[in-house]
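Notes follow the structure.
No value in this document is a laboratory result; all are computed from the given coordinates. The structure displayed is predicted, hence computed values, not measured ones. When we count neighbours, we look across all protein chains shown, and the Cβ atoms used for this are built from the backbone with ideal geometry, even at glycine.
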Amino acid sequence: MPPIRIPPPTVNLTTNSIFMDRRRFLFSMSAAIAASSAVFGGLQSLQAAVKQQPATIAGLTLAQWDVIALIQTHLLPSEKDSPGAKEINALSYFQSVITQPRHDPADKTFLRQGLNEIETRAQKKWRHRFFTLDHDQRENILRDYEQTRDGHSWLVMIMDYLMEALLTDPLYGGNPNGIGWQWLQHTPGFPRPPFKQPALFA
Amino acid sequence: MSRDFDVCVIGSGAGAGPIIWSLANAGYSVVVLEKGPYLQTKDFFKDERYGNLRDGYKPDLRDEPHILEEEDDDGHWRARNTYRSGTNFWNGNLVGGSSNFMSGFFHRLKPVDFHLRSTFGAVEGANVVDWPIRYDDLEPYYTKVEQIIGVSGKVVKHPHQEPRSTADFPYPPTEVHPVAHLIDQASEALGYHAIPTPRAVLPQTALGRQGCSYSGYCGAYGCATGAKGSSRAALIDQAVATGRVKVRPYSMVKKIRTDGSGKISAVDYFNKQGQVKQVDAHIYVVACQAIETARLLLNSKGSKHEYGLGNRNQQIGKNLLFAGGGSGSGRLVYSKMKKDKAESLKEFGAFVNRAIQDWYVIDDPDFGPPQKGGTIDFVHMHPNPVVRATRQIYGQNGLIWGTELKRKLERHFVDSRYLKIEAFCDWMPIDDCHVTLDANTKDKWNLPVARVRTGYHVQNLQVGWYLASRGAEVLKKMGAENVISFASGKPPTNLIAGGCRFGNDPAASVLDADCRSHELDNLFVSDGSFMPTGGSVPYTWTIYANSFRVADKIIAQLGGKKSA
């Protein structure tokens, strides 16, 4: 099997492009900076940076984001030859998605409700915080929660964004250097997007 | 009387492009009102998240929803806002419309499609009628599409090959994937006729456009080379170059205004800044795709048009069509085949380009009396990786995660080539498939939104099952595993027609045989709305061909081609 060819991001900064008015140029530059930070910074440094911020993200406390990261790792664990949630920058990817201005605010509420429910179940069943449970205990809590309609939907939401972090263009902060594409021997299309495309119908 | 333009075209997709191109080349001035942006070929990238996961080329459904009516198990019609239903009837709001994102599987209708009622008789519960024109009327325009938009393929003999005025396609087939040869072998062994699927994709530089780059991401993506014959790349860009066409992007038409005598006086539209503007013309052409065309006409009430523009007999919106049919898939497992075969099947980028039309008319005593069948297309599973990966999280006993999910992802992506079948049959026109205006919901322009009822006829399912199971036979013969086939009554939202059917009887149709309103001689509808029955193929080639035909009618009405 030949190695997967990952075409480089397209360089397309022609001044007559519809995408390149000033507002959009600034937007694309900030997006590029954000993307490169996520790629090169790694999950730990990002988490550290997040912890230094007094403000919460999407209304969740930093401790709650730690739980999200733990659940992501549980659902997509790291292995010697294949990336897991940590290697694909799943947490920062998810945070960037859910804080998009047009993202459905109901998702944030649903996210918090799900976390609270998981925490309640952990306390009730194991008398410990979810974060301190071992793997089998976490599995038990998540499988129980999956049996409820909300729990199923909540886990699907987390997993959908995990798959996005694994396989969308690295431009968006996940899949650094195409690590997900390489693992699954997936050939991305070309030309790849040079920057996050602007909203056409804002 | 002085008018701003000779022709005003509302919409810019496959139903509009041939009108715009033809009128401009005949010397007439044209204004195009398109509610989305005017992107160019260089603006398209292979970005699954932007274009597919986030629907970047479609409006936000919170701003511009539809109301979907579906029948529940108890026979009640349930209405839901599409923002909540997961259904999206928008197919691309930009110059060129949804033709920017088509796969370009181009099949002509066949002579039988023009007289289904006469050939097979009435179908109980369906409103099947003959067309007011015949295949011979449209054949020259199918040929015109091949030459001007660029259709690649190869004519081969098969039982349902339609008559042609030229021997073959003007462009040879695009490159095919090695899996196509497996389809050929399996079909031959079964006694079926696999044919090269004609494509609206240029295999080489021609017509001022680049050839295909075989990126592997074609359908659902804007073409980054111009090889795909979208209405914009193949027609509108060239029409604009004549200097006689003015495209006004981000122009959402509010209504077509009529005066006290009932004649059209102007078109009111919102520009990008939300200001209401007006434009007038001698001829008005509506081509907004079937649902939005019906909605605009219904929203264009006037003192002489109390039910909507040209809707005295209240036919607008009725007999909406989708593409009926079935589907299926099979998995070719690399680890279970010889290495060289596996390596060849791992090739990425070339097309499958195979179809079977042996059952375009089904003459099978076990299935019943002879009746209309359809087309089976073979295609790669769409390469979108996130969509494919997300499907893997579902298992028979619940969600799959952890290392079990990772092994499943590896089997899916690394050890398999999936092949799909798409079976197209006629979507029976019925009373319970239609467009009306919703009484309560308005879009961001404060205009009533379309309410779409999507009832289906059981014959859609029966024929869809028949075709899909035949396609599945081929997959099994190829050695595929996990072969499934099925039919669904759920409408595919990317293939929409009907709602303004043409016909000779004004009481039972909206348009005359030239696609001109029965009530207004300067109002034409040129998208797929005109179709009283849809045929058993994707609609786009027929929409293009008919639009070229209508363009000739408009040119004649305006006095013929202007001399240079």
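Brief remarks on what is shown
- For residue B:562, a cut-off of 21 angstrom between C-alpha atoms picks up these lysines, skipping any fewer than 8 places away in its own chain: B:144, B:246, B:553.
- Counting only other chain Cβ atoms within 10 Å of each residue's Cβ, the peptide B:39-47 averages 6.
- Pairs from B:318/B:490; B:42/B:406; A:86/A:108; B:42/B:272; B:277/B:304 whose Cα-Cα separation, in the structure shown, is over 26 Å: B:42/B:406
- Principal-axis tilt of helix B:403-414 within chain B, Cα atoms, nearest 10 degrees: 80
- All C-alpha to C-alpha distances of the protein assembly as shown, sorted into 10 Å bins beginning at zero, yield P(r) values of 3, 13, 23, 25, 20, 11, 4, 1, 0 percent in whole numbers.
- Rounded to the nearest 20 debye, the dipole size of the protein assembly as shown about its Cα centre is 1860 debye, using +1 on the Cβ of Lys and Arg and -1 on the Cβ of Asp and Glu.
- Sites matching trypsin sites (Lys or Arg not before Pro) across region B:452-561 that sit in DSSP coil, with at most 16 neighbouring C-beta atoms within 10 Å: B:561
- In this Cβ point-charge picture (+1 for Lys and Arg, -1 for Asp and Glu), region B:263-347 has a dipole of about 340 debye about its Cα centre.
- When each of the peptides B:163-170, B:50-57 is scored by the mean number of other C-beta atoms lying within 10 Å of its residues, the order from highest to lowest reads B:50-57, B:163-170.
- Per residue of peptide A:178-191, the mean number of Cβ atoms on other chains within 10 Å of the residue Cβ is 6.
- Long-range amide H partners of residue B:324 with built H, under 5 Å: B:425, B:427
- Candidates per trypsin sites (Lys or Arg not before Pro) in region B:326-431, loop by DSSP, up to 10 other Cβ within 10 Å: B:338
- 0 to 90° range, to nearest 10: angle between helix B:290-299 axis and chain B longest Cα axis: 20
- Sparse-neighbour loop sites [trypsin sites (Lys or Arg not before Pro); region B:187-283; at most 16 other C-beta within 10 Å; DSSP]: B:263, B:272
- Cα-based helix-to-principal-axis angle, B:179-190 vs chain B, degrees rounded to 10: 80
- Dipole magnitude (debye, nearest 20) for chain B, charges at Cβ of Lys, Arg, Asp, Glu: 1580
- Counting, for every residue in A:194-202, the Cβ atoms of other protein chains within 10 Å of its Cβ and taking the mean gives 6.
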